[in-house]
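Participant: Below is the structure I would like to discuss, written out as structure tokens.
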Amino acid sequence: MLKQVADGVLVHQSEFVQTNAVVVQGRAGVLLIDPGVTDSEIDCLANDLHELGQPVVAGFSTHPDWDHLLWHNRLGSAPRYGSARGAAAAREQLSDPGAKARIADHLPPEIAGQVPLDLLGLITGLPAETAQIPWDGPKARIIEHQAHAPGHAALLIEERGVLVAGDMLSDVLVPMFDLDDTADPIEDYLTALQLFENVAGEVDVVVPGHGSVGGSDEVQVRIDLDRAYVLALRHGQVPSDPRVGPSAKPGWEWVSDVHEGQLQRLAQRTERDGTSR
């Protein structure tokens with residue numbers, strides 16, 4: 001079910017790791033950002049849009065993780081965009097004919113066989129200098145960075161004061177680094193957080209890729225929490241973070257495993273390279 005979070009901006013949250021699909025209403029239809037996750041949920045989203053009487057006129061994927069590259073026939077054939085680097089990464093990931101089968105084989109048991117993969121990753125990369133989504137609706141400013149995934153791009157819906165943050169600024173997930181495609185994942189993450197801080201005064205609502213929608217009072221809080229986590233790792237310390245350990249929200253205890261895995265991989269990079277990179 002769609003929930004309005006600002007004037008003309010609605011969110012559909014999946015049961016799977018609280019994945020947020022974002023709908024922005026325009027003049028002739030809607031901009032649909034990161035739709036997911038299961039067939040039944042996307043079908044519900046399509047039904048809600050039908051009841052609104054607004055077709056999808058543009059789509060956008062914030063980054064090239066499988067759960068942010070989904071689509072369904074019922075959403076129509078509108079152009080689907082991503083950053084140039086994000087789209088290139090998606091194409092590379094899916095260039096192997098067996099890629100979709102491997103994704104299907106590794107889906108969590110609770111959603112196995114329920115995720116529509118036929119139209120996965122069919123996004124068009126916008127030119128690198130593109131400042132906003134090309135569509136007939138509220139200006140959606142592109143904030144591209146290299147934290148978490150190649151070509152990750154948040155969107156600031158300026159007229160509505162909504163920051164669609166992708167897989168960042170979550171109240172349940174710690175910062176997750178791109179440890180494969182970047183020379184300095186920690187610095188990349190800090191740079192992205194600074195970009196968010198630069199626009200924080202314009203934001204009334206923050207929508208993370210996973211987790212709860214936050215109000216204006218939470219924007220800087222989430223930036224500061226993520227920065228504290230990243231800085232602790234940069235200084236070789238173990239972060240004290242409410243999203244891991246006993247203080248994690250019920251059902252999110254597995255985030256501690258993600259956290260421990262990152263610590264191990266960062267330590268391996270330090271041992272290999274002699275730096276925190």
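The values are calculated or read from the model by the stated rules, or taken from the named source; none is laboratory data. Since the model is a prediction, treat every value here as computed from it, not as a measurement. Quick reminder, even Gly has a Cβ in these numbers, built from the backbone with ideal geometry, and neighbours come from all protein chains shown. Keep in mind that these areas ignore ligands, DNA and RNA; they rest on the heavy atoms of the full protein, side chains included. Shrake-Rupley method; radii C 1.70, N 1.55, O 1.52, S 1.80 Å.
Participant: With an 8 Å cut-off on Cα pairs and a minimum separation of 6 or more residues, tell me the relative contact order of region 174-239 in percent.
Facilitator: 33
Participant: Carbon and sulfur: what percent of the chain's accessible surface (1.4 Å probe)?
Facilitator: 50
Participant: Assuming R0 = 30 Å, can you tell me the calculated FRET efficiency for the pair Arg102 and Thr270, based on Cβ-Cβ distance, to the nearest 0.05?
Facilitator: According to the calculation, E is roughly 0.50.
Participant: Over region 143-266, how many percent of alpha carbon pairs lie in each 5 Å bin up to the one with the longest distance?
Facilitator: 2, 12, 22, 25, 20, 13, 5, 1, 0
Participant: I'd like to check one number: the per residue accessible area of the chain, probe 1.4 Å, reported in Å² as a whole number.
Facilitator: Values: 12190 Å² over 277 residues.
Normalised by residue count, the accessible surface of the chain is 44 Å².
Participant: How high is the relative contact order of the chain, given as a whole-number percent (alpha carbon pairs under 8 Å, six or more residues apart)?
Facilitator: It rounds to 15 percent for the chain.
Participant: Tell me, what ³J(HN,Hα) does each residue in region 238-247 have, in order and in whole Hz, if you take phi through Karplus 6.51 cos²θ - 1.76 cosθ + 1.60 with θ = phi - 60° and put x for Gly and Pro?
Facilitator: Calculated HN-Hα couplings, in order: 8, x, 9, 9, x, 8, 10, x, x, 7 Hz.
Participant: If you plug each phi of region 249-266 into the Karplus form 6.51 cos²θ - 1.76 cosθ + 1.60 with θ = phi - 60°, what whole-Hz ³J(HN,Hα) values come out, in order, with x for Gly and Pro?
Facilitator: Running phi through 6.51 cos²θ - 1.76 cosθ + 1.60 with θ = phi - 60° gives 5, x, x, 10, 4, 5, 4, 4, 5, 4, 4, 5, x, 5, 4, 5, 5, 5 Hz.
Participant: Also, I was wondering about something else. Using amide H atoms built in the peptide plane, which far-off residues or other-chain residues are under 5 Å from Tyr81 H to H?
Facilitator: For Tyr81, whose amide H was placed from the backbone, the distant partners under 5 Å are Gly59, Phe60, Ser61, Thr124.
Participant: With a Förster radius of 30 Å, plug the Cβ-Cβ distance of Val258 and Glu202 into 1/(1 + (r/R0)^6) and report the FRET value to the nearest 0.05.
Facilitator: 0.45
Participant: Just check region 210-269 against the gyration tensor rule for me: Cα atoms, a ≥ b ≥ c as the square roots of the eigenvalues, rounded for a/c under 1.5, and otherwise prolate or oblate depending on whether a/b exceeds b/c.
Facilitator: oblate
Participant: When the Karplus curve 6.51 cos²θ - 1.76 cosθ + 1.60 is applied with θ = phi - 60°, which whole-Hz ³J(HN,Hα) does each residue of region 91-97 get, with x for Gly and Pro?
Facilitator: Result, rounded to whole Hz: 4, 5, 4, 9, 5, 6, x.
Participant: Let me ask something else about it. Stokes-Einstein at 37 °C, 0.692 mPa s, Kirkwood radius from Cα pairs: D for region 27-181 in µm² s⁻¹?
Facilitator: 203
Participant: May I pose another question? What's the ranking of 75-88, 153-166, 222-235 by average number of surrounding C-beta atoms within 10 Å, highest first? Please report the intermediate quantities before stating the final value.
Facilitator: On the way: 75-88: 20.4, 153-166: 23.6, 222-235: 17.6.
Answer by packing, highest mean first, reads 153-166, 75-88, 222-235.
Participant: Then there's this: So what's Rg/Rh here for region 150-198, counting alpha carbon atoms and using the Kirkwood radius for Rh?
Facilitator: Values: Rg = 11.8 Å, Rh = 12.0 Å.
Expressed as Rg/Rh, it is 0.98.
Participant: Residues with beta-carbon under 14 Å from that of Pro242, excluding Pro242: net charge, scoring Lys, Arg +1 and Asp, Glu -1?
Facilitator: Summing Lys and Arg as +1 and Asp and Glu as -1 gives -3.
Participant: Which of the peptides 137-145, 178-186 is most tightly packed, and how do the rest follow, going by the mean number of other Cβ atoms within 10 Å of each residue?
Facilitator: Result, highest mean first: 137-145, 178-186.
Participant: First select every other residue whose beta carbon is under 12 angstrom from the beta carbon of Glu144; then total the charges, Lys and Arg +1, Asp and Glu -1. Walk me through the numbers before you get to the answer.
Facilitator: Working: positive: Arg85, Arg141; negative: Glu129, Asp188.
Residues near Glu144 contribute 0 overall.
Participant: Checking a compactness column here: for region 57-123, what do you get for Rg(Cα) / (2.2 N^0.38 Å), N being the number of residues? Intermediate values should be presented prior to the final figure.
Facilitator: Values: Rg = 11.8 Å, N = 67, 2.2 N^0.38 = 10.9 Å.
It is 1.09.
Participant: Per residue, how much space in cubic angstrom lies within the convex hull of the C-alpha atoms of the chain?
Facilitator: 126
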